[in-house]
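Worksheet: the structure to be examined is printed underneath.
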Amino acid sequence: MIQRFSLIALLALLAVTPCRADEQTKEWVIPSFASSEFQRDRFIDLVESEDSSLQQLQLAPTYQISDNMARSSKVIDELSEGESAKKIFHLDSIPDAVRVLVYAGWDKHTPPGKFEINGHPYQHKRDKEKMLTGGWDRFTLPREQLKQGVNEIVFFGPCALWLDEDTSSGNSFKRLSPESEWRTDNLGPDDEGTGEWMIRFRVQGHPSEGTMVSPVIDLNQRSESADTVGDPHPDISPLFEIESIKNSFVSKAPEGTAIQYEVRTGSTPEFDPATWTQWFPSNDWGDQTKGRFVQWRATLASGETEETPSVSQLNFHVRAKELGANFEKIEMTKAPDNRVKKSSYDFTYADPNHPLMRHLREKYNFEQIAAPGKTDAEKFMLISQWIREQWEGWDMGEYDYCPQWDALQILELAPAKLALGMCTHYAATFVQAAASLGYPARSVIVDHHCLAEAWSDYYGKWMFVDTGLLANNPIALKYVDENGIPLNALELHERYLKGDASDVTVVPDPSKSTTTFWENYLNLYCRFGIPLRNDHLYNPMPQELEHGHMQYHWDGYLWWTDSLDPKYPEYSLLTNRPEDFYWTMNKTVIDLEDTLEEGKIRVMLHGPIPNLDKFQVKKNGGEWMDAESDFIWDLKSGENTLEARAVNTMEIVHPASELVLEYTP
């Protein structure tokens, strides 16, 4: 269990140590990070500014209205002649258009043909090409048929609509004859159900609000631009006695739009309620506690779908006294690599010590299966290959049953031919097996296929593990570039966009030429999505029931999109920010801060490390030893080296970060 270095002890150390006699008040400017590093919700988009000199963040060009998660697609209501169904949706302002998405499954039922939108008659003829491959019928409502406030669509039988019985927001109605009343409790084939019709709306216009959040900004990271006053960035951070912080913005807010800025500050490099303030308005620094680290967020709002505010940059103007006994006497000859990519979305990692995870690991001897692998990537492929050899999937089994993402159930039923065991089940089993050993992994959904990605410390990236692509050919695959580096979903999607994956090698050889293989399978990567957790073995809900058995319909995955005016508009969680899928893992970040005592500096260790057990450090080439996440380092005259690494609860030792500095007392 990691314990924070005692702040009381540190404050006591500072209190008894005299300040530097030559302390000076200095001023400097901290510009914002690159806009691409900002975490942002699905309502914010990154675009080129009008003069292309800066990227700017603004409200997305479209947004989704959805009241149904659609975990299952089992309930179908076949409306007969004379019956009708109604769906209502709300618009804060009138957009250019609204794309209506009606779930249709495998297109085996009568599609809606005749309907009304706000009393305007409409005749729809399904175009299967426009459905693409997701099972969603679609048509567009023009601006002139829309209104502010409540809009309603009435479908007339005969036609089929799918019902999500999990939720009831009061937006779906049915009447059994033109003379009867609209009701919300007579939905479904037995006229007795409640829920929501599986219909979603993609609004062609800006949403009313969106939020973006900056990375944590170190006030010691000085700008070296001409308007900066003071010294360039020193090797370690001095202590700051901050006198004032002011903000300046590069932004636009047309009439009818607004931007709200907030900030928070702290003394530790990661947000912690014990060492950070809460969010407060950026123009109200007042007596707020100010530390070395600061973060800001902006909420963009618009009252009209045609208008959006935008933000290009925020600068912090800092005035402070620099204190410390050592920072001017230190030269950093090798700095640690502290670059970390962060997702805008939280991910829930499975605990490998949960009883069910431990049972999975021990019952099937996954530690022994993975043991011959010299690297984590080799271990992944050994686990994947073992799983692929356990059964031959792609049929519903004796009981016509599709298991959920439960490796224990899958490994029992699929080999006995008692249940379906297709690609999604191979992937789920691999993910849970890897996670049970302490390796982060997640399922990846592509177009009519499911595979996995696992984080490899050896390669320093997320890599594909494709356990169940090939029927009647029991080999597990990975895909590597010309340098032998494994690829991930975004990298294969980029090759799909180019129409060329000739530089990608399939390992092991699937007995097909590279050209033939990618002619068959490259189109799978036209889209991809992930669940935002991998703890399905012991937290089964929420998830899509019978995933992969029908078309994709659940609205709980995060999907990649090349544009926030998406080609696949049926999902709410869409992003075109690569870091939201490919965040950094298992890196130990080293932050240094001066103290007021000669030869002593503060070391803060942190990083994106799931299931962290402890940090270890090696000083000046000595032995590895356990360390607190916050400690004081005693320097010696001359060269000082520090290596730091993390160890997780499965005793996996992650890569070390290293720094070298020269100290001249």
Report summary line: All-but-one check, Ser32 against (1) at pLDDT below 95; (2) more than 12 Å from Pro215 (Cβ to Cβ); (3) not in a strand (DSSP E or B), failing number (2)
Query raised in the report: Can you find a residue in region 535-558 that is in a helix (DSSP H, G or I) and touching a strand residue (DSSP E or B) at 6+ places or on another chain (Cβ under 9 Å)?
Result: no
Query raised in the report: Of the conditions (1) buried (at least 20 other Cβ atoms within 10 Å of the Cβ); (2) at negative phi, Asn586 fails just one. Which one is it?
Result: (2)
Report task. Give just the number: which of (1) closer than 30 Å to Val340 by Cβ; (2) among the charged types (D, E, K, R); (3) under 20 Å from the mean Cα position of the chain (by Cα); (4) surrounded by fewer than 23 Cβ atoms within 10 Å (Cβ to Cβ) does Asp447 not satisfy? Result -> (1)
Report summary line: The residue from Glu331, Glu306 that alone is under 30 Å from Val98 (Cβ atoms) and surrounded by fewer than 16 Cβ atoms within 10 Å (Cβ to Cβ) is Glu306
Report task. Go over the candidates Thr584, Thr588 one by one and state the one that is β-branched (Val, Ile, Thr) and touching a Ser or Thr at 6+ places or on another chain (Cβ under 7 Å). Result -> Thr588
Query raised in the report: From the list Ala452, Ala501, Ala471, which residue is in a loop (DSSP other than H, G, I, E, B), touching a Lys or Arg at 6+ places or on another chain (Cβ under 8 Å), assigned by TED's automatic domain parsing to the domain that holds Gly548 and not β-branched (Val, Ile, Thr)?
Result: Ala501
Report summary line: Those residues of region 382-435 that are aromatic (Phe, Trp, Tyr) and free of Cβ contacts under 8 Å to residues at least 24 places away in the same chain come to a total of 3
Requested in this report: Take Leu101 and decide whether it is closer than 29 Å to Gly303 by Cβ and within 30 Å of the chain's Cα centre (by Cα).
Outcome: yes
**Report entry** Set Ser344, Ser312: member being in a loop (DSSP other than H, G, I, E, B), more than 30 Å from Leu642 (Cα to Cα), touching a helix residue (DSSP H, G or I) at 6+ places or on another chain (Cβ under 8 Å) and hydroxyl-bearing (Ser, Thr, Tyr)
**Finding:** Ser344
Report summary line: Contact list, first residue from region 471-494 and over 18 Å from Leu522 (Cβ atoms), second anywhere and polar (S, T, N, Q), beta-carbon distance below 6 Å, six or more apart or interchain, is Ala476/Ser384; Ala476/Gln385; Ala476/Thr467
Report summary line: Ile259: passes all of (1) at pLDDT 95 or above; (2) in the same structural domain as Arg71 (by TED's automatic domain parsing); (3) surrounded by fewer than 18 Cβ atoms within 10 Å (Cβ to Cβ) but (2)
Report summary line: Only one of Arg319, Arg339, Arg358 is assigned to a loop (DSSP other than H, G, I, E, B) and at negative phi, namely Arg339
Requested in this report: Search region 361-397 for residues being under 24 Å from Tyr458 (Cα atoms) and not in a helix (DSSP H, G or I), and hand back the single one that is nearest to the chain's Cα centre (by Cα).
Outcome: Thr375
Requested in this report: Answer with yes or no whether Ser72 is more than 25 Å from Ser302 (Cβ to Cβ), modelled with pLDDT under 95, not in a strand (DSSP E or B) and not assigned by TED's automatic domain parsing to the domain that holds Pro542.
Outcome: yes
Report summary line: In the set Leu592, Leu564, the lone residue that is of a type in the set (A, V, I, L, M), part of a strand (DSSP E or B) and either buried (at least 18 other Cβ atoms within 10 Å of the Cβ) or assigned by TED's automatic domain parsing to the domain that holds His493 (or both) is Leu592
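Residues are listed down the side, and each one gets a yes or a no for (1) of a type outside the set (Asp, Glu); (2) more than 23 Å from Gln204 (Cα to Cα); (3) touching a Lys or Arg at 6+ places or on another chain (Cβ under 9 Å); (4) free of Cβ contacts under 8 Å to residues at least 12 places away in the same chain:
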| residue | (1), (2), (3), (4) |
| --- | --- |
| Val98 | yes, no, yes, no |
| Val102 | yes, no, yes, no |
| His120 | yes, no, no, no |
| Asp127 | no, no, yes, yes |
| Asp137 | no, no, yes, no |
| Pro142 | yes, no, no, no |
| Phe156 | yes, yes, yes, no |
| Gly170 | yes, yes, no, no |
**Report entry** Verdict on Glu598 being at pLDDT 95 or above, over 34 Å from the mean Cα position of the chain (by Cα) and acidic (Asp, Glu)
**Finding:** yes
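The values are calculated or read from the model by the stated rules, or taken from the named source; none is laboratory data. Source: prediction; values computed, not measured. Ideal geometry is used to build each Cβ from the backbone, glycine not excepted, and the neighbour counts take in all protein chains shown.
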